[in-house]
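See structure below.
The values are calculated or read from the model by the stated rules, or taken from the named source; none is laboratory data. Predicted model only: the values in this text are computed from it and were never measured. Please note: Cβ atoms are built from the backbone with ideal geometry, for glycine as well, and neighbour counts cover all protein chains shown. Heavy atoms of the whole protein, side chains included, go into the accessibility calculation; ligands, DNA and RNA do not. Shrake-Rupley method; radii C 1.70, N 1.55, O 1.52, S 1.80 Å.
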Amino acid sequence: MIGVERRVAARERRRVSRGGRRPYDQPGKHPPVLVADTDEAVRRAFVRYLDMFGFRVTQAARIEEGLDETSPSERPDVIVTELTSSAAARLASSARVPTIVTVTDDLHTPPRYAAAMLVKPFSLPTLLGELRRVLRAHSAAE
């Protein structure tokens, strides 16, 4: 009888909608995100995960390349990048786009321009949560 109860419970569970949508999310309104990381495996994982939740993701090895490739109408609402160089820092701060900075150790202090800082390794749901938090804060500030 235990097996039957499990199958019924599993069937009921499947009727619950899955996914990352929040009640206040608007269908079809997915913000563009730029992911700039020199590690291709990390970049690919970020892109695939954010794509599953409906974000329009542009990827590049360096932040300069990513901003050059996007058209003015497709400018990202958020940039996810690693803390690499001062040139990238100047570019991120001058783009006036909220930036989530990823670092490999927690010895760094968050840069002035960073809306958030994540210490690697972190889980992909943590990235998604920070991205949503930054988007909410940025839209509330406008």
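T38 contributes an accessible area of around 90 Å² to the protein surface, as traced by a 1.4 Å probe with all chains present.
Stretched out straight at 0.36 nm per residue, the stretch from R112 to R44 would grow longer than its current Cα-Cα span by 21.8 nm. Ranking D77, D37, D106 from most to least accessible surface, computed with a 1.4 Å probe over the protein chains only, gives D106, D77, D37. Using the Cβ-Cβ distance between S123 and H30 with R0 set to 22 Å, the FRET efficiency works out to roughly 0.55.
Solvent-accessible surface (1.4 Å probe) assigned to E130 amounts to roughly 50 Å². Accessible area per residue (1.4 Å probe, heavy atoms of protein chains only) ranks L107, L83, L135, L128 as L107, L83, L135, L128, with the largest value leading. Treating r as the C-beta distance of F53 and D105 and R0 as 30 Å, the FRET efficiency rounds to 0.60. The H on the amide N of R56, modeled in the peptide plane, is under 5 Å from the matching H of V33, each at least 5 residues off or on a different chain.
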